[in-house]
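In what follows, a single structure is set out as C-alpha cells and then discussed.
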Amino acid sequence: MEALSDGGGFRKLDILSADQMDGKEKLNIAMVADCSASMEGNFAYGQDIMERFLFYMQTGAGDQAALYSFADYVNREMHFTSDTDALSDAVYNMEMGDMTALYDALAFALSEIVVQDGAKCVIAFTDGIENYSTSSKEYVIQKANENHVPIYLIGIGTNVDDAQLRDIAESTGGFYANIENI
C-alpha cells in the first residue's frame, strides 16, 4: 500500500500487482565506474566485475547499458547499447584519474537514463569516497526518487564507505553490496 498526497492530505492506494522482470522487458542500465586514485589497487578487479556483469545482460529482451567513468570529472565512455563486446572494450579502456566526483557521476547518469524507454537503473562500482563533486548526495537521492530510478551500489576495495553507499542505495529503492559478498 502506498500513500499519495491529493493536495489536502493523504489517501491510501492498493498496489494491484508487481511483476519481476523475466527477460521479456527492456532494461536500461547506467553503469558508473570509479576511476579515481583511491581505486588504484582495486581498479582492475572492478573492471573484471563489470565485464562479468555484462555477461548477464538480456540483450535478446532489449537490455541496454551505457558506461560512465569518473574521477575528477565524468566521462561518457559508451552511450546506451546492447553491444556487450563494445561495452566490455570500453570497460577495459577507461583511464585512471585523481579526485572522486561520485555524486556528479550519479547525477549525470541519472540525467541521461531518464529519457530511455523501459525500466531503468543506475549501478555504480565504487569505494564510495567522495571529495570533488559539485552535486550533493541529497540532490542525487532527490533526482533518483523523482524519476523512479533505483541506484544500486557495489562497493569495491577494503576502505569502502559502506554507510554512505548503503544510504544512497536504500534511499532510492536500490541496494548496496560489497563485492566480497555479492
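The values are calculated or read from the model by the stated rules, or taken from the named source; none is laboratory data. It should be emphasised that the depicted structure is a prediction, and the values quoted were computed from it without experimental measurement. FYI the Cβ positions are ideal-geometry reconstructions off the backbone, even for glycines, and counts take in every protein chain you see. Keep in mind that these areas ignore ligands, DNA and RNA; they rest on the heavy atoms of the full protein, side chains included. Shrake-Rupley method; radii C 1.70, N 1.55, O 1.52, S 1.80 Å.
In segment 56-84, how many are touching a Leu at 6+ places or on another chain (Cβ under 9 Å) and part of a helix (DSSP H, G or I)?
2
Give segment 117-149 a look and list any residue that's of a type in the set (Lys, Arg) and touching a Leu at 6+ places or on another chain (Cβ under 8 Å), or say none. Don't jump to the end; show me each part of the working.
To start, the set of residues in segment 117-149 that are of a type in the set (Lys, Arg) comprises 120, 137, 143.
Correct list: LYS120, LYS143.
Inside segment 150-175, can you point out the residues that are out of contact with any Leu (no Cβ under 9 Å at 6 or more places or on another chain) and of a type in the set (A, V, I, L, M, F, W, C)?
Those that are out of contact with any Leu (no Cβ under 9 Å at 6 or more places or on another chain) and of a type in the set (A, V, I, L, M, F, W, C): ILE156, VAL160, ALA163.
Restrict the check to segment 85-105 and report whether at least one residue is over 19 Å from ARG166 (Cα atoms), assigned to a helix (DSSP H, G or I), at pLDDT 95 or above and hydroxyl-bearing (Ser, Thr, Tyr).
Taking segment 85-105 first, the residues over 19 Å from ARG166 (Cα atoms) are 85-99.
Cutting the leftovers down to assigned to a helix (DSSP H, G or I) gives us 85-92.
Next, only the ones that are at pLDDT 95 or above stay: 85-92.
Within this subset, residues satisfying the condition of being hydroxyl-bearing (Ser, Thr, Tyr) are 88, 92.
Scanning segment 85-105 turns up at least one residue that is over 19 Å from ARG166 (Cα atoms), assigned to a helix (DSSP H, G or I), at pLDDT 95 or above and hydroxyl-bearing (Ser, Thr, Tyr).
Of the residues GLY41, GLY46, which single one is part of a helix (DSSP H, G or I), surrounded by fewer than 22 Cβ atoms within 10 Å (Cβ to Cβ) and in contact (Cβ under 8 Å) with a residue 60 or more places away in the chain? Steps first, please.
Working: GLY46 fails: surrounded by fewer than 22 Cβ atoms within 10 Å (Cβ to Cβ).
It is GLY41.
Report yes if VAL140 is part of a helix (DSSP H, G or I), in contact with a helix residue (DSSP H, G or I) (Cβ under 9 Å, 6 or more places away or on another chain) and at negative phi, otherwise no.
Values: part of a helix (DSSP H, G or I): yes; in contact with a helix residue (DSSP H, G or I) (Cβ under 9 Å, 6 or more places away or on another chain): yes; at negative phi: yes.
Criteria met by VAL140.
Looking at segment 166-178, is at least one residue under 15 Å from SER38 (Cβ atoms), at pLDDT 95 or above and either in a helix (DSSP H, G or I) or acidic (Asp, Glu) (or both)?
Residues of segment 166-178 that are under 15 Å from SER38 (Cβ atoms), as a first pass: none.
No, segment 166-178 contains no residue that is under 15 Å from SER38 (Cβ atoms), at pLDDT 95 or above and either in a helix (DSSP H, G or I) or acidic (Asp, Glu) (or both).
Name the residues in segment 49-73 that are open to solvent by 40 Å² or more (accessible area, probe 1.4 Å) and not hydroxyl-bearing (Ser, Thr, Tyr), would you? Full working, then the answer.
Pass one, segment 49-73, residues open to solvent by 40 Å² or more (accessible area, probe 1.4 Å): 51-53, 55-56, 58-60, 72-73.
The answer is GLU51, ARG52, PHE53, PHE55, GLN58, GLY60, ASP72.
Could you count how many residues in segment 141-182 are among the hydroxyl-bearing types (Ser, Thr, Tyr), closer than 21 Å to ALA44 by Cα and over 12 Å from the mean Cα position of the chain (by Cα)? Even if it seems obvious, please write down each step before you answer.
So in segment 141-182, the residues among the hydroxyl-bearing types (Ser, Thr, Tyr) come out as 152, 158, 171-172, 176.
Imposing the further condition that a residue be closer than 21 Å to ALA44 by Cα reduces the set to 152, 158, 176.
Right, trim to over 12 Å from the mean Cα position of the chain (by Cα) and you get 158.
Result for segment 141-182: 1.
Filter segment 159-182 for residues that are in contact (Cβ under 8 Å) with a residue 12 or more places away in the chain and polar (S, T, N, Q); which is surrounded by the fewest Cβ atoms within 10 Å (Cβ to Cβ)?
Among them, the one singled out is ASN159.
Could you check segment 115-157 and list, in sequence order, the residues that are surrounded by 15 or more Cβ atoms within 10 Å (Cβ to Cβ), in contact (Cβ under 8 Å) with a residue 60 or more places away in the chain, touching a Gly at 6+ places or on another chain (Cβ under 8 Å) and not β-branched (Val, Ile, Thr)?
CYS121, PHE125, ASP127, GLY157
Can you run down the residue pairs with Cβ atoms below 9 Å, 6 or more apart or on separate chains, where the first is in segment 89-102 and free of Cβ contacts under 8 Å to residues at least 12 places away in the same chain and the partner is surrounded by 12 or more Cβ atoms within 10 Å (Cβ to Cβ)?
Between residues of segment 89-102 that are free of Cβ contacts under 8 Å to residues at least 12 places away in the same chain and residues that are surrounded by 12 or more Cβ atoms within 10 Å (Cβ to Cβ), the close pairs are ASP89/MET78.
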